[in-house]
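Structure first, then comments.
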Amino acid sequence: MERQEDTETGKARAATRRDVLKAGLTVGLGLGAATLTGVRSTATAQATGGVYGGHVNLLNVGYPEVWDPHLAGTVFALNVGYPEVWDPHLAGTVFALAAVGPISNQVVEFNPIKPTEIIGDLAKRWEVTEGGLVYTFYLHDNIRWWDGKDLTAEDVAFSLQRMIEPGKPRPRVGLLRPYIKTVEAVDRNAVKVTLHYASPAFLQFLAVDYMKILPKHLLTAEVDINVWETIVGSGPFKIKTARRGDSVTFEKNPTYFKPGRPYLDSITILSITDAGTAAAAVKAGKIHMTTGVTSLGVDDLLKLEKN
């Protein structure tokens, strides 16, 4: 299944505190899609005559409401904490999800524009056979890890097998354990997943944002991917810097396999645990969007709305 380009036109408008407070990370059973709907940030570059959309999917930077190839700039996002782990298969909180999302891909994902729809991410299409027991996913060509090595069906099969590995802590990805019976790399770009029983829930769980595909060559070499400097991903953004307890900054991946993406030059996720400090940052216009869990409570939001 291919994504369809959003060709709707619209009017850009200035971002307000109300826009920022209404923007956020939609989280349900690990699903995350951070959207900044209708907000045009001053950090966004503009060319003459250009209209820039205000939709940013923080986790896998998705389609803006109005697509424009000149969209650029930096987004600052508010999060309540620093990621407790970098390994998405060990992650169980939004702290980690907001950090690992921009650097990784998964087989399929929920459409950030229409969240009830599942679309391909690494997979360009898939087939369901044998009465729903077998799913065969066909990957995009020319997908590469940041170190230049090809991302293939072997990486996908290895990652799915790691997600359901018996006896290992898998807070979120372990949701796949009851469903997956076997995983096989059929060829370079095709992966066959056989289920214990037919269930439409399998694809729904596979689209959850924790189900990231990791590089087999690193993990089999026992590289510690919980050290951010050693992480090798495939996503639209690469980690530039990380300051424990403070922030993580991502920069655009210039060799991303999806043409024209990502739309932004960089994303900085700020970890602010104090509600007063977070409110001051929003009020000062230093925050363009939030994740689903921040230090701001209902009373804080109401005060900011009034101001």
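The values are calculated or read from the model by the stated rules, or taken from the named source; none is laboratory data. Please read all numbers here as calculations on a predicted model, not as lab measurements. Here the Cβ positions follow ideal geometry from the backbone for every residue, glycine too, while neighbour counts run over all protein chains shown.
Just give me the residues in segment 238-250 being over 25 Å from Ala157 (Cβ atoms) and either in contact with a helix residue (DSSP H, G or I) (Cβ under 9 Å, 6 or more places away or on another chain) or surrounded by fewer than 16 Cβ atoms within 10 Å (Cβ to Cβ) (or both), in sequence order. The answer is Ile239, Lys240, Thr241, Ala242, Arg243, Arg244, Gly245, Asp246, Val248, Phe250. Thr268 satisfies every condition listed in (1) in a helix (DSSP H, G or I); (2) in contact (Cβ under 8 Å) with a residue 40 or more places away in the chain except (1). Meeting the requirement of 3 or more residues that are within 22 Å of Tyr263 (Cα to Cα) and among the aliphatic types (A, V, I, L, M), the strands (runs of 3 or more DSSP E) wholly within segment 72-128 are 74-79. Of all residue pairs spaced 6 or more apart or on separate chains, those with beta-carbon atoms under 9 Å, a first member in segment 120-144 that is assigned by TED's automatic domain parsing to the domain that holds Lys181 and of a type outside the set (Ser, Thr, Tyr) and a second member that is modelled with pLDDT under 95 and surrounded by 15 or more Cβ atoms within 10 Å (Cβ to Cβ) are Gly120/Arg3; Asp121/Asn60. Is one or more of the residues making up segment 282-290 more than 30 Å from Ile143 (Cα to Cα) and either assigned by TED's automatic domain parsing to the domain that holds Asp147 or without any contact (Cβ under 8 Å) to a residue 24 or more places away in the chain (or both)? Yes - at least one qualifying residue is present in segment 282-290. Taking segment 271-287 as the range and being crowded, with 19+ Cβ neighbours inside 10 Å and either within 20 Å of the chain's Cα centre (by Cα) or assigned to a loop (DSSP other than H, G, I, E, B) (or both) as the test, the residues that pass are Ser271, Ile272, Ile287. Every residue in segment 244-259 that is touching a Pro at 6+ places or on another chain (Cβ under 6 Å), part of a loop (DSSP other than H, G, I, E, B) and either over 30 Å from Asn142 (Cα atoms) or in contact (Cβ under 8 Å) with a residue 60 or more places away in the chain (or both), please. Listed by number, the list holds a single entry, Asn253.
Leu301 fulfils the conditions (1) assigned to a loop (DSSP other than H, G, I, E, B); (2) not assigned by TED's automatic domain parsing to the domain that holds Gly148 except for a single criterion, (1).
Tyr138 satisfies every condition listed in (1) in a loop (DSSP other than H, G, I, E, B); (2) surrounded by 17 or more Cβ atoms within 10 Å (Cβ to Cβ); (3) at pLDDT 95 or above except (1). Take the conditions within 16 Å of Phe76 (Cα to Cα), of a type in the set (A, V, I, L, M) and in the same structural domain as Gly81 (by TED's automatic domain parsing) and apply them to Ala279. Does it pass? Yes: the conditions hold for Ala279.
Is there a residue in segment 216-230 that is part of a helix (DSSP H, G or I), in contact with a Lys or Arg (Cβ under 6 Å, 6 or more places away or on another chain), closer than 14 Å to Ser104 by Cβ and modelled with pLDDT of 95 or more? No; the residues of segment 216-230 include none that is part of a helix (DSSP H, G or I), in contact with a Lys or Arg (Cβ under 6 Å, 6 or more places away or on another chain), closer than 14 Å to Ser104 by Cβ and modelled with pLDDT of 95 or more. Just one of the listed residues (Pro102, Pro112) is modelled with pLDDT under 90 and crowded, with 22+ Cβ neighbours inside 10 Å, namely Pro112. Would you confirm whether any residue within segment 154-163 is assigned to a loop (DSSP other than H, G, I, E, B) and either in the same structural domain as Leu264 (by TED's automatic domain parsing) or not basic (Lys, Arg) (or both)? No - not one qualifying residue is present in segment 154-163. Scanning segment 178-227 for residues that are among the polar types (S, T, N, Q) and either surrounded by 14 or more Cβ atoms within 10 Å (Cβ to Cβ) or within 27 Å of Ala99 (Cα to Cα) (or both) gives Asn189, Thr194, Ser199, Gln204, Thr220, Asn226.
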